[in-house]
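Inspection log for the structure reproduced underneath, given as structure tokens.
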Amino acid sequence: MRESKPKIGVYVCHCGTNISGKVDVEAVSEYASALPHVAIAKNFKFMCSSPGQQLVIDDIRKNDLNRVVVASCSPRMHEKTFRTACQAAGINPYYFQMACIREHDSWVTEDPEAATQKAKDLVRGSVARVAHHQQLTSRVVDINPNVLVIGGGISGMQAALDIADGGKKVYLVERDPSIGGNMSKFDKTFPTLDCAACISTPKLVAVGQHENIEMMTYSEVADVSGFVGNFTVKIRKKPRYVDADKCTGCGVCTEKCPSKVLSEFDHDLTKRKAIFTPFPQSVPNTPVIDTENCLFFKKGKCRACEKFCEAGAIDFEQKEEIVEINVGSIIIATGFETFDPTPLTQYGFGRYPEVYTSIQFERINNATGPTSGKIVTKDGKKPESVAIIHCVGSRDQNYMKYCSRVCCMYSMKFAHLVREKTGAEVYEFYIDIRSPGKGYEEFYNRLQEEGTHFIRGKVSQITDMVDSPEDEGKLMVVAEDTLARKVRRIPVDMVVLSVGLKPAAGIEDIARMVGISVDSDGWINELHPKLGPLATPSDGIFIAGCCQGPKDIPDSVAQGQGAAGAALSLISRGKLEIEAAVSAIDPERCMGCRQCEEVCVYGAISYHPALNICEVNEAICKGCGNCAATCPNKAIDLKHFNNDELLAEMEGLMFGPADFHHGTDEQAA
Amino acid sequence: MKYGFFPGCSYKGAAGYKESTEAVSRLLGIELVEIQDWNCCGATSYWSTQSIEAYVLPARIMALAEKQGLSEIVNVCNACYSTLRKAQEKLAQDNDLNEKVNLALAEEGLKYTGNLNIRHLMEVIVNDLNADDIKKHIKKDLSGFVVAPYYGCQLNRPWADIDDAHYPVLMDRLIEMVGAKPLKNYSAKTECCGAAHMVAHKDLCMPLNNRIVKDAVSKSAQTICTLCPLCQFNVDASQYKSGLPMVPVIFFTQMMGLAFGLSEKDLKLQKLLTPFKLAV
Ligand SMILES: Cc1cc2nc3c(=O)[nH]c(=O)nc-3n(C[C@H](O)[C@H](O)[C@H](O)COP(=O)(O)OP(=O)(O)OC[C@H]3O[C@@H](n4cnc5c(N)ncnc54)[C@H](O)[C@@H]3O)c2cc1C
Ligand code: SF4
Ligand code: SF4
């Protein structure tokens, strides 16, 4: 719907000398003034400045302009600025068009004459297009103030607490039986060496007790639908076979259970029971029965836990439940898992009992771990020497190309703990030491002073082949010492593999459900690496912690808080304006072939079987146009990018005014 | 089953390799068709010069095989195996080199296209035959015979495609198939024996061989089983007058022959420097 004949104002920006240094702006505005429907054409030093915007507003008001073209930078920079100016002056913001003569022209064209010509062409295209623009209005929807946090590690817990403290409801979904994540496994944390449990256990308790947090442990997200402000999420609650309301957490069941299996939490260093809580401070402390190893589930008899549970909490009849919740935003904080070094056969993990992964070594150091915090070999001896191998799986073309960021630091933490607890010689084999962070380089210096041996070289082999009799029973660590320029074979009693971090299994499923992507290494892609680190291309979906890439606890916590802030800011807006440049399906023309549904990467199209047509959910549509291009029946129009507008722009770009074929006058009338 | 066969220079002289390979192949129904007029592959020594001749040597062997209509070349030496594969890979990547090499080959009317599979006999036996077709020939119970599988450093590197690069298991499987016990934690599996450097740098190579032997002896292996004439010779000869505990070093084909009931004499086991006597 257009009111009157187009009356266009054209404004050519100098952008200081960014544009005017190459483009003859004077000539461009003069040229523009002669184009069809152009009433006014001017040039100005900085169009985005207040006087620049005021110029547009005043001209619209004084001269009854109803269309505006600004030739300046990219629309990504300032389209919004000028749309707002148009609106302020009383015309529909979609009656505006931007010609990009900086990024697409002055910055990339060498010859000033060619640059000026190109600017004229671009302006001509925009003028031709804007005449065809239609009025569009954006819709406003309510934002549901509830938030879903996926993953209960330190970043997810922090995000949940901040939002809950802000008075909003949080659903915290954790797939393990307890919240806490990887940090719960540690003893000390670098670089301050403060006790991990002392700083994380209070968080676990706070999350468990917060009235605004609904914790759903041993649960997974099964489905996400809807859009920013209005998501519907299905949560699959796995059966614990223990009634959480009745259970007192006394632990008798675990004690009496006869079935033992390797403990995931202790990374196979100890055994747990078939009915268990992962660790003593688990939140909640309601146990779960692992049906794969429960004798009753396997063989039909036992029920020892049931017999001994005084509270009568054991319930073998529990079934999986699907719970549906409504939230306005989602924070993903699924964290990481450690790299399994078994494929690096040269390091003999799994073959030599004294080769450990770093996460196992965390457990060994932990007071509740397999050795109650004592550093001893499997046969109970205090080690005389320990080797720590950096970059296992990381910075390796065969496995993970990237640096896992925390391994140098936690390796040095280990060196300190070994020296402190056993006095053993420690050899750190490294490629480069990466210690950027507050107090981190100082920690490295401290370790050197403590007498840790740093050997720069990638370890080629760990072997039990010793050359001299006194080394019998030890492991030899073979590496080229690239500073001393010789091959070293160092006998040690224990080896720690500082394995890298990789995305938590199942991250692709979560990403797919919320319509975002992961990078080639599997980490979630943030909206912008610098300016949008916690947002994603899907509105209302935020990320925090290691699901975006390896990072330490301070960064994970900061991101948790940042994501909480972003979610709260969204909530406090209360309402949300939805972009008007979305696609629309003409129900008269749609024949229900569903091809558009297939090509829409945002899941914005749904099919109505009863009517045999497809429909666009405007709140989800990003206006990419895939559907419009695909529809075989031309039933889909992408607003603000319809055929009329695009063809007019193309013709404008390619032909001079005399050749205008698109019948602007008749149609505009 | 019929395969093209490249014996290599050391095969005939190696202690019973030829005799045992022929005997075992006959039993298994593997027909090894020798490439006519083959030459030395150049091994690691020539290869390291990276001269055009270093490519022509292996390329000529492969061109001869192509001329004979063979599509696969089976090797019995790790150096031959890896030299042919390396040459094949290099010639596929470098057109210029390929042209030069073919120019040289053209003088003999030969042409190298590279359309060949390069393989090692041990891998052929494990991968192409059914376990049952091997097991049915077993005549002797070797269940108490602990065998250290020594692969050497060249079989799986750099490709690591037929097996793991550092801790291969193909020969372990073969040892198990014929009823013997592979030494499970043999760490020296892929240590280098020094190859031809044993001649010029004996002082550097002896410790390498000592490790290979010692790891087998200390873990109670009764024999070391090899796949390559040079490996066998180095590991065997290094023990001579070393004063250290000794262990016989045999070829995998000899081990198979023993299981198949062939006599120690047929398998020429008396040719080993470290005396072999089966005591199971
Ligand atoms: C050996 C080692 C030592 C370290 N030492 C230190 C140190 O001393 N100091 C320091 O600052 N940093 C250290 N780090 C780094 C530290 O572990 C991380 O910064 C931190 O744990 C990241 O927290 P997170 O919440 O992002 O992830 P995580 O701790 O991995 O938590 C993620 C949570 O999400 C859950 N989850 C995953 N997928 C799903 C799903 N699909 N649905 C529901 N829940 C899911 C997981 O079960 C887990 O509970 C160390 C790392 C390692 C490997
Ligand atoms: S289920 Fe029963 S026995 Fe087990 S912890 Fe709970 S109350 Fe105790
Ligand atoms: S324009 Fe893009 S996002 Fe919108 S419905 Fe079509 S394909 Fe989906």
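Take the conditions surrounded by fewer than 16 Cβ atoms within 10 Å (Cβ to Cβ), of a type outside the set (V, I, T), at pLDDT below 95 and under 20 Å from the mean Cα position of the chain (by Cα) and apply them to B:P207. Does it pass?
Working: surrounded by fewer than 16 Cβ atoms within 10 Å (Cβ to Cβ): yes; of a type outside the set (V, I, T): yes; at pLDDT below 95: yes; under 20 Å from the mean Cα position of the chain (by Cα): no.
Answer is no for this residue.
Do the conditions hold for A:K622, that is, is it away from ligand 1 (no atom under 16 Å from the Cβ), crowded, with 17+ Cβ neighbours inside 10 Å and in a loop (DSSP other than H, G, I, E, B)?
yes
Under 6 Å between Cβ atoms, at least 6 apart or on separate chains: pull out the pairs that start in the stretch A:291-311 with a residue that is in a helix (DSSP H, G or I) and end on any residue that is within 16 Å of ligand 3 (Cβ to nearest atom) and among the small types (G, A, S).
Sorted first by the residue in the stretch A:291-311, then by its partner, the list stays empty.
Residue-wise test of (1) in contact with a Ser or Thr (Cβ under 9 Å, 6 or more places away or on another chain); (2) open to solvent by 10 Å² or more (accessible area, probe 1.4 Å); (3) within 16 Å of ligand 3 (Cβ to nearest atom).
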site	(1), (2), (3)
A:L161	no, yes, no
A:L172	yes, no, no
A:C195	yes, yes, no
A:V205	no, yes, no
A:E220	no, yes, no
A:V224	yes, yes, no
A:G229	yes, no, no
A:K238	yes, yes, no
A:T248	no, yes, no
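Confirm whether B:L183 is of a type in the set (A, V, I, L, M) and over 15 Å from the mean Cα position of the chain (by Cα). Give the derivation first.
Details: of a type in the set (A, V, I, L, M): yes; over 15 Å from the mean Cα position of the chain (by Cα): yes.
Yes: the conditions hold for B:L183.
Would you confirm, using the coordinates I've provided, whether B:A63 is in a helix (DSSP H, G or I), open to solvent by less than 10 Å² (accessible area, probe 1.4 Å), of a type outside the set (D, E) and out of contact with any Gly (no Cβ under 7 Å at 6 or more places or on another chain)?
Details: in a helix (DSSP H, G or I): yes; open to solvent by less than 10 Å² (accessible area, probe 1.4 Å): yes; of a type outside the set (D, E): yes; out of contact with any Gly (no Cβ under 7 Å at 6 or more places or on another chain): yes.
Yes, satisfied.
Just to check your reading of the model, which residue among A:E588, A:E645, A:E615, A:E597 is away from ligand 3 (no atom under 16 Å from the Cβ), modelled with pLDDT of 90 or more and not assigned by TED's automatic domain parsing to the domain that holds A:D539?
On the way: A:E645 fails: away from ligand 3 (no atom under 16 Å from the Cβ); A:E615 fails: away from ligand 3 (no atom under 16 Å from the Cβ); A:E597 fails: away from ligand 3 (no atom under 16 Å from the Cβ).
After applying the criteria, what remains is A:E588.
Among the candidates A:R236, A:R240, single out the residue that is basic (K, R) and within 16 Å of ligand 2 (Cβ to nearest atom).
It is A:R240.
Of the conditions (1) touching a residue at least 60 places away in the same chain (Cβ under 8 Å); (2) within 14 Å of chain A (Cβ to nearest Cβ); (3) out of contact with any Ser or Thr (no Cβ under 8 Å at 6 or more places or on another chain), B:D215 satisfies every one except a single condition; which number is it?
(3)
What pairs come up if the first residue lies in the stretch A:139-163 and is near ligand 1 (Cβ under 9 Å from one of its atoms), the second is basic (K, R), and their beta carbons are under 6 Å apart, counting only those six or more places apart or on different chains?
A:M157/A:K203
Would you point out the residue of the stretch A:325-352, among those that are away from every other protein chain (no Cβ under 14 Å) and charged (D, E, K, R), that is least open to solvent (accessible area, probe 1.4 Å)? Steps first, answer last, please.
Start the filter on the stretch A:325-352 by keeping residues that are away from every other protein chain (no Cβ under 14 Å), which leaves A:325-340.
Next cut, charged (D, E, K, R) only: A:337, A:340.
On the way: A:E337: 61, A:D340: 83 Å².
The qualifying residue least open to solvent (accessible area, probe 1.4 Å) is A:E337.
Counting just the residues of the stretch A:443-479 that are polar (S, T, N, Q) and more than 10 Å from chain B (Cβ to nearest Cβ), which one comes out nearest to B:H166 (Cα to Cα)?
Of everything passing the filter in the stretch A:443-479, A:S468 is nearest to B:H166 (Cα to Cα).
Of all residues in the stretch B:35-66, count the ones that are among the polar types (S, T, N, Q) and within 22 Å of B:R119 (Cβ to Cβ).
Initially, the stretch B:35-66 is screened for residues among the polar types (S, T, N, Q), giving B:36, B:39, B:44-45, B:48-51.
From the residues that got through so far, the ones that are within 22 Å of B:R119 (Cβ to Cβ) too are B:36, B:39, B:44.
Residues meeting the conditions: 3.
Within the stretch A:266-324, take every residue that is aliphatic (A, V, I, L, M) and within 16 Å of ligand 1 (Cβ to nearest atom) and give me the one that is farthest from the other protein chains (Cβ to nearest Cβ). Talk me through it step by step, then tell me what you get.
Taking the stretch A:266-324 first, the residues aliphatic (A, V, I, L, M) are A:269, A:274-275, A:283, A:288-289, A:295, A:304, A:311, A:313-314, A:322-323.
Pick out the ones that are also within 16 Å of ligand 1 (Cβ to nearest atom) and you get A:269, A:283, A:288, A:322-323.
Values: A:L269: 21, A:V283: 42, A:V288: 37, A:I322: 44, A:V323: 46 Å.
Within the stretch A:266-324, the match that is farthest from the other protein chains (Cβ to nearest Cβ) is A:V323.
Can you name every one of the strands (runs of 3 or more DSSP E) wholly within the stretch A:164-271 that holds 2 or more residues which are more than 17 Å from A:V149 (Cβ to Cβ)?
On the way: elements: A:170-173, A:213-216, A:219-227, A:230-237, A:260-262.
Of the strands (runs of 3 or more DSSP E) lying wholly inside the stretch A:164-271, those with at least 2 residues that are more than 17 Å from A:V149 (Cβ to Cβ) span A:219-227, A:260-262.
Among the residues of the stretch A:480-490, which ones are away from every other protein chain (no Cβ under 14 Å) and open to solvent by 40 Å² or more (accessible area, probe 1.4 Å)? Spell out how you get there, then give the answer.
Just the residues of the stretch A:480-490 that are away from every other protein chain (no Cβ under 14 Å), to begin with: A:480-485, A:488, A:490.
Passing the criteria: A:E480, A:T482, A:L483, A:A484, A:R485, A:R488.
What pairs come up if the first residue lies in the stretch B:174-195 and is facing another protein chain (nearest Cβ under 10 Å), the second is open to solvent by 10 Å² or more (accessible area, probe 1.4 Å) and among the aromatic types (F, W, Y), and their beta carbons are under 8 Å apart, counting only those six or more places apart or on different chains?
B:K189/B:Y167; B:T190/B:Y167
If a residue has to be of a type in the set (A, V, I, L, M, F, W, C) and either in contact with a His (Cβ under 8 Å, 6 or more places away or on another chain) or free of Cβ contacts under 8 Å to residues at least 40 places away in the same chain (or both) to count, how many in the stretch A:364-402 make the cut?
Within the stretch A:364-402, the first condition is being of a type in the set (A, V, I, L, M, F, W, C), and the residues that meet it are A:364, A:367, A:375-376, A:386-389, A:391-392, A:400.
Applying the additional criterion that residues be either in contact with a His (Cβ under 8 Å, 6 or more places away or on another chain) or free of Cβ contacts under 8 Å to residues at least 40 places away in the same chain (or both) yields A:376.
Total satisfying the criteria: 1.
Cβ-Cβ under 9 Å, sequence separation 6+ or interchain: first residue in the stretch A:540-566 and assigned by TED's automatic domain parsing to the domain that holds A:G180 and closer than 21 Å to A:F231 by Cα, partner part of a helix (DSSP H, G or I) and within 16 Å of ligand 3 (Cβ to nearest atom). Which pairs?
Every condition considered, the pairs that remain are A:G540/A:V514; A:I541/A:V514.
May I ask you to list the residues in the stretch A:527-549 that are part of a loop (DSSP other than H, G, I, E, B) and over 19 Å from A:V406 (Cβ atoms)? Before you say what the answer is, go through the steps one by one.
Taking the stretch A:527-549 as the starting set, the residues that turn out to be part of a loop (DSSP other than H, G, I, E, B) are A:527, A:529-531, A:533-534, A:536-540, A:544, A:548-549.
Scanning the stretch A:527-549 gives A:L527, A:P529, A:K530, A:L531, A:L534, A:T536, A:P537, A:S538, A:D539, A:G540.
Among the listed residues A:E649, A:E618, identify the single one that is in contact (Cβ under 8 Å) with a residue 60 or more places away in the chain and within 35 Å of the chain's Cα centre (by Cα). It would help to see each step written out before you state the result.
Working: A:E649 fails: within 35 Å of the chain's Cα centre (by Cα).
Residue meeting the stated conditions: A:E618.
Of all residues in the stretch A:547-569 being touching a Ser or Thr at 6+ places or on another chain (Cβ under 6 Å) and open to solvent by less than 10 Å² (accessible area, probe 1.4 Å), which is nearest to ligand 1 (Cβ to nearest atom)?
A:S556
The values are calculated or read from the model by the stated rules, or taken from the named source; none is laboratory data. Owing to the predicted nature of the structure, the values given are computational and were not obtained by experimental measurement. For neighbour counting, all protein chains shown are included, and Cβ atoms are generated from backbone atoms with ideal geometry for every residue, glycine included. Note: areas computed on protein heavy atoms with side chains; ligands, DNA, RNA excluded. Shrake-Rupley method; radii C 1.70, N 1.55, O 1.52, S 1.80 Å.
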